[in-house]
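Novice: Mind having a look at this structure? Questions to follow.
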Amino acid sequence: MTVSTASPAEGVRVVTVDRPPVNALPVQGWYDLADAVRAAGRDPEVRCVVLAAAGRGFNAGVDIKELQRDPGNAALIGVNRGCAEAFEAVYACEVPVVAAVHGFCLGGGIGLVGNADAIVASEDAVFGLPELDRGALGAATHLARLVPQHLMRTLYYTSRTVTAAELLAHGSVWRVVPTDELLRAAMELASEIARKDGHLLRLAKAALNGIDPVDVRRSYRFEQGFTFEASLAGTADRVRDTFGKEA
């Protein structure tokens, strides 16, 4: 199962992604994740959601091989819409979302954590957008919520990553902990949040989203248009065909 849920503490729902080997999600996986997060937020007994992952890393983005197998544009359209749905589900979740990040957080992973309310990361966590190396564009909207503008642009153009410690210095990560302490640390924060009044938490989430300076859904959908343009031009396939063939 790609997405599972659990309720290990009062008021807290944990949504876990587990798709070996690297948690790169196919079209349906993004929709499944969106459904799980939305369902958790709608549950009146839930006051905080923890978004976590099993395996080697938090999220490696979209399943590039699924795109390569598709002779047309159906998979690209599907994953564009699926990613938008998953990111929106995290952002618009009725209660706060805490992302528990370990290992790699790349591509679509940035979209998830960039839309979360708080991030707890392990010491081995790295964050980045390798989109230009994968024949795609997008999620700069969400990377810009984690680092300052000029650093975001540099990371985007170079496909470099930043560490959890660097994001801690920028104030976008709440805590950095050893890997074996990650879920416990995320649960501690989630449980602290969940002790607040549920109705007030939902009002607070709506209020904070309402004062955001950037409409993240519209901004991300604008970016996705350039991904589709690159595909129609043949640029995406040319770059994507080198995926997995680097020396």
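Any read-out appearing in this document is the output of simple, stated calculations on the displayed coordinates, not a laboratory observation. Note that the structure is a prediction, hence the values are computed from the model and not measured. Note that we place each Cβ from the backbone using ideal geometry, even for glycine, and neighbour counts take in every protein chain shown.
Novice: Label point 7 Å out from Arg184 along Cα-to-Cβ: which residues of region 1-39 have amide N under 12 Å?
Specialist: Inside the label zone: nothing.
Novice: Using a 10 Å cut-off around each Cβ, can you sort Asp241, Asp70, Asp117 from fewest to most neighbouring Cβ atoms?
Specialist: So the ranking, lowest neighbour count to highest, is Asp241, Asp70, Asp117.
Novice: Another question, then. Could you list Leu51, Leu189, Leu143 in order of exposure, starting from the residue whose Cβ has the fewest other Cβ atoms within 10 Å?
Specialist: Result, fewest neighbours first: Leu189, Leu143, Leu51.
Novice: Rank Ala169, Ala185, Ala84 by mean-square fluctuation in a GNM of the chain with C-alpha springs under 10 angstrom and give only the top-ranked residue.
Specialist: Ala169
Novice: So, one more: Using Cα-only point scatterers and the Debye equation, what is log10 of I(q)/I(0) for the chain at each q in 0.07, 0.14, 0.17 Å⁻¹, rounded to two decimals?
Specialist: For the chain at q = 0.07, 0.14, 0.17 Å⁻¹, log10 I(q)/I(0) is -0.21, -0.87, -1.30.
Novice: What FRET efficiency comes out for the pair Thr158/Glu45, r = Cβ-Cβ distance, R0 = 35 Å, nearest 0.05?
Specialist: 0.20
Novice: Per residue, what volume in Å³ does the convex hull of the Cα atoms of region 108-195 enclose?
Specialist: 88 Å³
Novice: GNM on the chain, C-alpha springs below 10 Å: top fluctuator among Val50, Val17, Val173?
Specialist: Sorting by GNM fluctuation, first place goes to Val173.
Novice: Moving to a separate point now. Given an 8 Å cut-off on Cα distances and at least 6 residues of separation, report the relative contact order of the chain as a percent.
Specialist: Value for the chain: 20 percent.
Novice: Okay, next question. Using Cα-Cα distances under 8 Å and only pairs 6 or more residues apart, what relative contact order does region 53-128 have, in percent?
Specialist: 39 percent
Novice: Which of Arg218, Arg69, Arg56 ends up with the largest GNM mean-square fluctuation for the chain, with Cα atoms connected below 10 Å?
Specialist: Most flexible of the set in this elastic network: Arg69.
Novice: Can you give me the C-alpha center-to-center distance between region 142-170 and region 14-66, rounded to a whole angstrom?
Specialist: Here the answer is 23 Å between Cα centres.
Novice: Mind ranking 96-102, 71-77 by how tightly packed they are, going by the mean number of other C-beta atoms within 10 angstrom, highest first?
Specialist: 96-102, 71-77
Novice: At R0 = 30 Å, how high is the FRET efficiency between Ser7 and His199 if r is their beta carbon distance? Nearest 0.05 is fine.
Specialist: For Ser7 and His199, the calculated efficiency is 0.95.
Novice: How would you rank Trp30, Trp174, going from fewest to most other Cβ atoms within 10 Å of each one's own Cβ?
Specialist: The order, fewest Cβ neighbours first, is Trp174, Trp30.
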